[in-house]
Every structure is written in structure tokens, then in C-alpha cells.
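Asks: Before anything else, here's the structure in question.
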Amino acid sequence: GVQERSRVGISRINSHEANMACALASYLVECGVPRPSIVCLTPYKGQLMLLRNTMLKDPRSLSLRLLSRNPNEQDVVRLSTIDRFQGDEEDIVICSLVVDENSKTGFGKPRTILADHL
């Protein structure tokens, strides 16, 4: 995917990553993982909003009820920025770091992500 600027301030988004995170969360729920055991984390508010919109519009995610428009619903996948999540824990953490080949952030370079080497 390609990193882009979000419509929110100077935040960043990556649509490909949002789609992959949504697909992975859907797959895990289909395999029997309880929705509240999954969290999708991102450093950017723009990506957080994109993840939410993607899960609320994707037919597979909708059929699995990954998210709800009701803010009081507890039986859903949790979405959060990394900063807000500090001190919390979940069984499964999906990270959307919003990186591409041109990213200047060292921690998120695709070649340094462990999952790329598995």
C-alpha cells in the first residue's frame, strides 16, 4: 500500500493496510476468536478513522458484526491509537503502522517488521 495524508490534520493513512487489518480481524472472528479479544492499533488518528469506516462498510465485517455504531456495545473488535491503548491488553493485537517503501520512520520500515520474515 501507499502512505497518504489523511483529511484530518497532518495524519497519515494507508488504505491497503486498513483493508488487510479488516480482513485479518474478520478471519480471526470466523475462526472462533471472540471479538472483544482483538484490538487494532495504529499511531495515527486518520488511520484509526479509516479502519473504523472500512469495518463499518465492508460486507464481511458487517456480517460478523466486528464493530457497532452503538458506542456502548462491548462485543466488538476494539480500535485504538497506540497512545490511548498504553497500559491496556488484549489477546490479539493487529498493528497498522501506516508504512510504505518511502516511509521515513525507522520503526516502521517494511524490512524491519518481523511478520515480513516469517
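The values are calculated or read from the model by the stated rules, or taken from the named source; none is laboratory data. Quick caveat, the model's predicted, so the values are computed rather than measured. FYI the Cβ positions are ideal-geometry reconstructions off the backbone, even for glycines, and counts take in every protein chain you see. Keep in mind that these areas ignore ligands, DNA and RNA; they rest on the heavy atoms of the full protein, side chains included. Shrake-Rupley method; radii C 1.70, N 1.55, O 1.52, S 1.80 Å.
Asks: Testing the spin-label approximation: label points 7 Å from Cα along Cα→Cβ at Arg65 and Glu90. State their distance in nm.
Replies: 1.7
Asks: Rounded to a whole number of µm²/s, how large is the Stokes-Einstein D of region 38-79 at 4 °C and 1.567 mPa s, given Rh as the Kirkwood radius over C-alpha pairs?
Replies: 122
Asks: What is the spin-label model distance, in nm, from Val33 to Ser15 if the labels are put 7 Å beyond Cα along the C-beta direction?
Replies: Here the answer is 2.6 nm between the modelled labels.
Asks: What fraction of the Cα pairs in region 6-59, stated in percent, has a spacing above 14 angstrom?
Replies: Summing the P(r) tail past 14 Å for region 6-59 gives 53 percent.
Asks: So, one more: Starting with the highest mean, order 30-43, 79-92, 47-60 by the number of other Cβ atoms within 10 Å, averaged over the residues of each peptide.
Replies: Working: 30-43: 16.8, 79-92: 12.8, 47-60: 19.0.
The packing order, highest mean first, is 47-60, 30-43, 79-92.
Asks: Over region 22-78, with every protein chain in place, what whole percent of the accessible area is carbon and sulfur at 1.4 Å, could you tell me?
Replies: 54
Asks: Ok, one more. What net charge do the residues around Leu28 carry, taking every other residue with its C-beta under 11 Å from that of Leu28, with Lys and Arg at +1 and Asp and Glu at -1?
Replies: Result for the neighbourhood of Leu28: -1.
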